[in-house]
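**Q** Just dropping this structure here.
The values are calculated or read from the model by the stated rules, or taken from the named source; none is laboratory data. Keep in mind that this is a model prediction, so the values were computed, not measured. Methodologically, a virtual Cβ is constructed for each residue, glycine included, from the backbone with ideal geometry; neighbour enumeration extends over all protein chains shown.
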Amino acid sequence: MNRGNELEQTNISSYVGLYVHIPFCKTKCIYCDFNCYAGKNALIPDYVLALGKELVTYSDQGLVARTLYMGGGTPSLLSPSQVLYIVGTARDYLRLVDGAEITMEANPGTVSEQYFRDILAMGVNRISIGIQSFKDDDLRRLARHHTVEEALEAYRAARAAGFENISVDLIYGLPFQTLDDWRHNLSRVVDIEPDHISLYALTVEEGTPLHRLISRGKLPSPDDDLMADMYELAQEVLEKAGYIHYEISNWCRPGKQSKHNMIYWREEPFIGAGAGAYGFLNSVRYYNELLPSKYISLINNGQSPIVWQEELSVPIERSEYVILHLRLAEGVNAEEFQSRYGQSLHSFLSGKIDDVAGLGLVEWKDNYFRLTPKGRLLSNEVFVRILPD
Ligand code: SF4
């Protein structure tokens, strides 16, 4: 299978993250612009076999997977034996390390305690559950296919099955959501004591039903000031509850950072497998064919599923390195930047950030350059200044 010149040259022994995309969902939520499809579950068996074949194509590159993340879409639509096939292929062909973090995204309404027991036995050791809101009205409006009670049942089932690392997602800035509604959601999420919490601001993507409803005045646009208040409230409530705010949108119990996502934020290499998956290997970014049926055909015909790739230029790679690290509470380590790029971080930043430093959005602490709490709220103001001219 021809993967393209740059990727073929990635013949070095190195640790990578492994992302596997499962682009199937029961129904499509109105805000979703991810590469996922409802009503195509009949493709799942062929798709999983194609995924296995794609993983095998990476096996001669000396790569060692240190995390596996099955994201979607709804990976919990896979049967336990399909999950085992993916985990086993990653172990056999990408030398997935013993004790690796193996995450699966799970949606309420697709899982049971027995299902969680089965996938735990197959090596999955971290579950990420999309709860999104603790109000049924919100879930209905978003066309989520589950209720609050079903989301809680999924959470309890994962715990009862023995999962000790569970992440939950919530969205803020929902139509008609007030600050008090959000306070309620934060208090409910703290009550169930997840190990990791991801909070996402609602984004209105063009082409989604949500965008159309807002354009026609059927739903209100998100209110930026209210969302900023919601974010600040989350920082306050979760910190009081003992969570570490380790990344702009992510909080965790000590030691429960997402190891896989840390690979993205530290701009380390990762394989993206499956329809529409992104990867980053040897300074080359790439993504695969979006449509599952076309992806399956490409793989089965021995062709590369990669439809786009780009080698990052030096200025872009440095900018991305700084921006991604700024998402983390720890920030950018000046020594690591210097040893990776042979340029001092001070000289790289020179002239770019003076005004945002004056506004108190960034700071130097020891040898780290990072966002202040105020800077986290206005991170885009900082990031645009770091992009190349
Ligand atoms: S469950 Fe997730 S991936 Fe599927 S449609 Fe909803 S938001 Fe998109």
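**Q** Of all residues in the range 121-142, count the ones that are touching a residue at least 40 places away in the same chain (Cβ under 8 Å) and within 21 Å of the chain's Cα centre (by Cα).
**A** Going through the range 121-142 one residue at a time, the tally reaches 9.
**Q** Are there any pairs, at least 6 apart or on different chains, whose C-beta atoms fall under 6 Å, with the first in the range 196-218 and crowded, with 17+ Cβ neighbours inside 10 Å and the second of a type in the set (Ser, Thr, Tyr) and in a loop (DSSP other than H, G, I, E, B), and if so, which?
**A** SER198/SER249; LEU199/SER249; THR208/TYR31; LEU210/TYR31
**Q** How do the pairs read when you match residues in the range 374-389 that are of a type outside the set (Gly, Ala, Ser) with residues anywhere that are assigned to a loop (DSSP other than H, G, I, E, B) and exposed (fewer than 13 other Cβ atoms within 10 Å of the Cβ), using Cβ under 9 Å and keeping only pairs 6 or more apart or on different chains?
**A** Within 9 Å, the pairs are LYS374/GLY360; PRO388/SER313.
**Q** Determine, yes or no, whether LEU120 is more than 20 Å from HIS196 (Cα to Cα), more than 10 Å from the ligand (Cβ to nearest atom), outside any loop (DSSP other than H, G, I, E, B) and of a type in the set (A, V, I, L, M).
**A** So LEU120 does not fit the description; no.
**Q** Now for a different question. Looking at (1) outside any strand (DSSP E or B); (2) away from the ligand (no atom under 16 Å from the Cβ), can you tell me which one ARG66 breaks?
**A** Unmet condition: (1).
**Q** I'd like the residue in the range 106-121 that is under 16 Å from TYR69 (Cα atoms) and touching a Ser or Thr at 6+ places or on another chain (Cβ under 7 Å) and, out of all such residues, is surrounded by the most Cβ atoms within 10 Å (Cβ to Cβ).
**A** ALA106
**Q** What is the one condition in (1) surrounded by 13 or more Cβ atoms within 10 Å (Cβ to Cβ); (2) over 26 Å from the mean Cα position of the chain (by Cα) that GLY342 does not satisfy?
**A** Tallying (1) surrounded by 13 or more Cβ atoms within 10 Å (Cβ to Cβ); (2) over 26 Å from the mean Cα position of the chain (by Cα), GLY342 fails exactly one: (1).
**Q** Look through VAL307, VAL356, VAL382, VAL332 and report the one residue that is farther than 23 Å from SER258 by Cβ, under 27 Å from the mean Cα position of the chain (by Cα) and not assigned by TED's automatic domain parsing to the domain that holds TYR246. Give the steps one after another, and end with the answer.
**A** Values: VAL356 fails: under 27 Å from the mean Cα position of the chain (by Cα); VAL382 fails: farther than 23 Å from SER258 by Cβ; VAL332 fails: farther than 23 Å from SER258 by Cβ.
Of VAL307, VAL356, VAL382, VAL332, the one residue that is farther than 23 Å from SER258 by Cβ, under 27 Å from the mean Cα position of the chain (by Cα) and not assigned by TED's automatic domain parsing to the domain that holds TYR246 is VAL307.
**Q** I need a count of the residues in the range 83-117 that are away from the ligand (no atom under 16 Å from the Cβ) and not in a helix (DSSP H, G or I).
**A** Of the residues in the range 83-117, 9 are away from the ligand (no atom under 16 Å from the Cβ) and not in a helix (DSSP H, G or I).
**Q** Would you check if ILE131 is within 15 Å of the ligand (Cβ to nearest atom), surrounded by 22 or more Cβ atoms within 10 Å (Cβ to Cβ) and among the hydrophobic types (A, V, I, L, M, F, W, C)?
**A** Numbers: within 15 Å of the ligand (Cβ to nearest atom): yes; surrounded by 22 or more Cβ atoms within 10 Å (Cβ to Cβ): yes; among the hydrophobic types (A, V, I, L, M, F, W, C): yes.
Yes.
**Q** For the range 57-90, give me each residue that is β-branched (Val, Ile, Thr), touching a helix residue (DSSP H, G or I) at 6+ places or on another chain (Cβ under 9 Å) and within 16 Å of ALA277 (Cα to Cα).
**A** Passing the criteria: THR57, THR67, ILE86.
**Q** Every residue in the range 143-170 that is more than 15 Å from ASP191 (Cα to Cα) and touching a strand residue (DSSP E or B) at 6+ places or on another chain (Cβ under 7 Å), please. Give the derivation first.
**A** Taking the range 143-170 as the starting set, the residues that turn out to be more than 15 Å from ASP191 (Cα to Cα) are 143-147, 150, 154, 157-158, 160-165.
Within the range 143-170, ARG144, ALA154, ALA158, PHE163, ASN165 meet the criteria.
**Q** Tally up the residues in the range 257-316 that are part of a strand (DSSP E or B) and surrounded by 19 or more Cβ atoms within 10 Å (Cβ to Cβ), please.
**A** The total comes to 12.
**Q** Take the residues in the range 134-152 that are of a type in the set (D, E, K, R) and touching an Asp or Glu at 6+ places or on another chain (Cβ under 9 Å); name whichever of them is nearest to the ligand (Cβ to nearest atom).
**A** Of everything passing the filter in the range 134-152, ARG144 is nearest to the ligand (Cβ to nearest atom).
**Q** I need every pair where a residue in the range 319-330 that is surrounded by fewer than 20 Cβ atoms within 10 Å (Cβ to Cβ) has its Cβ under 6 Å from the Cβ of a residue that is among the polar types (S, T, N, Q) and in a helix (DSSP H, G or I), sequence separation at least 6 or different chains.
**A** Within 6 Å, no pair qualifies.
**Q** Right, another one. List pairs: first residue in the range 53-72 and farther than 17 Å from PHE280 by Cβ, second residue within 16 Å of the ligand (Cβ to nearest atom) and not hydrophobic (A, V, I, L, M, F, W, C) anywhere in the structure, Cβ distance under 8 angstrom, at least six positions apart or on different chains.
**A** MET70/THR103; MET70/GLU105; GLY72/HIS21; GLY72/PRO23; GLY72/GLU105
Yes or no, residue by residue, for (1) surrounded by 15 or more Cβ atoms within 10 Å (Cβ to Cβ); (2) on the phi < 0 side of the Ramachandran plot; (3) at pLDDT 95 or above:
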position	(1), (2), (3)
VAL20	yes, yes, yes
PRO45	no, yes, yes
TYR58	yes, yes, yes
GLY71	yes, yes, yes
LEU77	yes, yes, yes
VAL87	yes, yes, yes
ARG95	yes, no, yes
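**Q** Condition check: crowded, with 21+ Cβ neighbours inside 10 Å and either basic (Lys, Arg) or not assigned by TED's automatic domain parsing to the domain that holds LEU226 (or both). Does ARG144 satisfy that?
**A** Spelling it out, ARG144 is indeed crowded, with 21+ Cβ neighbours inside 10 Å and either basic (Lys, Arg) or not assigned by TED's automatic domain parsing to the domain that holds LEU226 (or both).
**Q** While we're on this one: Do we find a residue being under 27 Å from GLU101 (Cα atoms), assigned by TED's automatic domain parsing to the domain that holds CYS29 and either among the aliphatic types (A, V, I, L, M) or touching a Gly at 6+ places or on another chain (Cβ under 7 Å) (or both) anywhere in the range 202-224?
**A** So the first thing to find is which residues in the range 202-224 are under 27 Å from GLU101 (Cα atoms), and the list is none.
The answer is no, given that none of the residues of the range 202-224 is under 27 Å from GLU101 (Cα atoms), assigned by TED's automatic domain parsing to the domain that holds CYS29 and either among the aliphatic types (A, V, I, L, M) or touching a Gly at 6+ places or on another chain (Cβ under 7 Å) (or both).
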